[in-house]
1. Within region 317-340, can one find any residue that is surrounded by fewer than 22 Cβ atoms within 10 Å (Cβ to Cβ) and part of a helix (DSSP H, G or I)?
2. For residue 139, work out the one condition from (1) part of a helix (DSSP H, G or I); (2) buried (at least 20 other Cβ atoms within 10 Å of the Cβ); (3) out of contact with any Asp or Glu (no Cβ under 9 Å at 6 or more places or on another chain) it doesn't fulfil.
3. Hey, can you tell me all the residues within region 1-32 that are under 16 Å from residue 87 (Cα atoms), in a loop (DSSP other than H, G, I, E, B) and not aliphatic (A, V, I, L, M)?
4. Considering only region 191-209, I want to know if a residue exists there that is under 19 Å from residue 260 (Cα atoms), in a helix (DSSP H, G or I), out of contact with any strand residue (DSSP E or B) (no Cβ under 6 Å at 6 or more places or on another chain) and not β-branched (Val, Ile, Thr).
5. Can you go through 254, 206 and tell me which one is at pLDDT below 90, over 23 Å from residue 8 (Cβ atoms) and more than 22 Å from the chain's Cα centre (by Cα)?
6. Look at region 341-356 and say how many of its residues are out of contact with any Lys or Arg (no Cβ under 6 Å at 6 or more places or on another chain) and part of a strand (DSSP E or B).
7. Considering 110, 64, which residue is modelled with pLDDT under 95, surrounded by fewer than 18 Cβ atoms within 10 Å (Cβ to Cβ) and within 21 Å of the chain's Cα centre (by Cα)?
8. Considering only region 357-451, give the helices (runs of 4 or more DSSP H) lying wholly within it that have at least 1 residues that are open to solvent by less than 60 Å² (accessible area, probe 1.4 Å) and touching a residue at least 60 places away in the same chain (Cβ under 8 Å).
Amino acid sequence: MSNWTEKLPKAARDYIGKRRVDEVECVIGDIAGVARGKAMPAAKFAKQTNYFLPNSIFLQTITGEWADSPFDAFTEPDMILEPDWSTATAAPWTADITLQVIHDAKDQQGNLVPFSPRNVLRRIVGLYEEQGWKPVVAPEMEFFLTARNIDPNMPVIPPMGRTGRRAAGKQAYSLSAIDEYGKVIDDIYDFAEAQGLEIDGILQEGGAGQIELNLAHGDPIELADHVFYFKRLIREAALRHDCFATFMAKPIAGEPGSAMHIHTSVVDLKTGKNIFSGAKGVETEEFQHFIAGMQNHMGAAIALMAPYVNSYRRYVPDFAAPINLEWGRDNRTTGLRVPISGPAARRIENRLPGMDCNPYLGIAATLACGYLGLMEKKAARPEFTGSAYIDSDEIPVNLGDALDLLDEDLALKNVMGVDFIKCYDSVKRNEYKEFLQVISPWEREHLLLNV
């Protein structure tokens with residue numbers, strides 16, 4: 001083995017075995033969570049210690065356009081990308097032996113680039129560490145398998161299952177329903193095993209062709225990396241079987257949306273104990289403070305957890321999506337749910353983020369709100385009992401309103417990083433402006449001849 005392959009995690013070394021690595025993909029997630037970077041022959045990768053990309057990739061919109069730079073004299077300097085060897089993993093769907101490696105983005109002075117989403121999450125984890133804490137998260141991924149959709153003007157429809165019928169909705173937790181596309185699930189398991197990624201469980205959700213994949217709890221940056229990788233491997237598994245995998249928040253009208261629920265707890269670095277549980281397992285003041293921080297700042301953070309115009313179609317009552325910032329014990333109608341658990345596993349489930357959010361930013365925003373609560377030490381509102389599918393003015397109804405709320409929350413902006421928020425705001429307002437220039441089929445159908 002050459003020196004660089006000796007740095008690889010065990011799963012990557014096992015995948016390679018005695019074979020020769022052909023290609024290495026140098027990867028970084030942009031504002032949307034899209035994998036950007038460059039691929040190169042492994043022999044060339046072995047001879048370099050860092051790689052270069054312009055920092056303007058963080059101003060690229062989801063449509064491929066470029067947002068206005070919020071910074072003076074923005075000259076698109078190169079960033080220095082340094083490989084994080086702990087993230088090296090296989091790309092098992094390729095014809096040759098290919099590895100992916102997530103890179104850290106630094107400026108030419110060696111400082112972390114503040115508008116890289118992975119660096120934003122690292123910054124917030126660092127704020128916890130300064131207080132002697134370690135946040136622990138467990139993401140849940142929901143997504144749809146759909147028939148191939150080649151014409152964007154046509155609605156998305158469920159995929160054809162092994163029975164020759166299209167997947168049906170309202171079959172939550174059905175093993176027969178998930179067996180309909182068992183070959184895709186098999187490839188997801190195989191790809192995940194080759195990449196060294198752990199799956200805690202897979203189940204059928206309530207939508208037609210909708211699947212939930214759960215990840216075991218762990219380090220926030222590592223888990224965000226795993227979600228980032230899972231999105232790509234799931235898409236590749238679906239394509240092998242003539243269907244698409246989509247992480248849109250609301251891809252099919254009349255079906256539930258897809259969320260990325262985030263379970264969060266905080267551990268004391270000295271004692272290793274959950275700070276949400278005190279003597280005899282009772283809930284602590286820190287537990288209430290964390291909830292209060294989410295209630296007081298989540299309205300502004302929605303812009304990060306619901307990043308597209310489609311995201312807000314998910315926030316509707318009675319479709320298993322939260323439309324409030326209430327909290328409750330084992331209450332899935334509240335935006336903040338406290339699952340049944342023992343004291344050591346006491347945690348708060350944030351049910352607001354959509355699966356379309358950048359995993360680094362969805363986790364970062366969740367932790368940022370909780371951190372502010374721990375610093376501000378305010379009391380949470382009383383627990384909400386009963387159905388919380390009620391009207392609430394705390395959840396913005398569109399992306400424009402959400403960005404305005406984010407801009408007004410100075411505390412959240414400071415924790416996330418002011419330069420990052422400037423960059424994010426520019427990208428999202430550009431996307432929103434582009435959307436408003438599109439005339440929808442609904443407008444043509446109902447307005448063309450009637451108004």
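The values are calculated or read from the model by the stated rules, or taken from the named source; none is laboratory data. Treat the numbers as computed from the prediction; the structure is a model and nothing was measured. Positions of Cβ are backbone-derived with ideal geometry, glycine not excepted, and every protein chain shown enters the neighbour counts. Accessible surface areas use protein heavy atoms only, side chains included; no ligands, DNA or RNA. Shrake-Rupley method; radii C 1.70, N 1.55, O 1.52, S 1.80 Å.
1. Step one: of region 317-340, the residues surrounded by fewer than 22 Cβ atoms within 10 Å (Cβ to Cβ) are 317-320, 328-333, 338-340.
The next check asks that each one be part of a helix (DSSP H, G or I); those that pass are none.
The answer is no, given that none of the residues of region 317-340 is surrounded by fewer than 22 Cβ atoms within 10 Å (Cβ to Cβ) and part of a helix (DSSP H, G or I).
2. With (1) part of a helix (DSSP H, G or I); (2) buried (at least 20 other Cβ atoms within 10 Å of the Cβ); (3) out of contact with any Asp or Glu (no Cβ under 9 Å at 6 or more places or on another chain) applied to residue 139, the lone miss is (1).
3. 4, 9
4. Step one: list which residues in region 191-209 are under 19 Å from residue 260 (Cα atoms), which gives 192, 197-209.
Checking which are in a helix (DSSP H, G or I) leaves us with 192.
After this cut, where a residue has to be out of contact with any strand residue (DSSP E or B) (no Cβ under 6 Å at 6 or more places or on another chain) as well, the list is 192.
Next, from what is left, pick out any that are not β-branched (Val, Ile, Thr): 192.
Checked against the condition, which is being under 19 Å from residue 260 (Cα atoms), in a helix (DSSP H, G or I), out of contact with any strand residue (DSSP E or B) (no Cβ under 6 Å at 6 or more places or on another chain) and not β-branched (Val, Ile, Thr), region 191-209 yields at least one hit.
5. Within the list 254, 206, the selection yields 254.
6. The qualifying residues number 2.
7. Numbers: 110 fails: within 21 Å of the chain's Cα centre (by Cα).
Within the list 110, 64, the selection yields 64.
8. On the way: elements: 359-376, 399-408, 410-416, 418-436, 441-447.
Filter on region 357-451 gives 359-376, 399-408, 410-416, 418-436.
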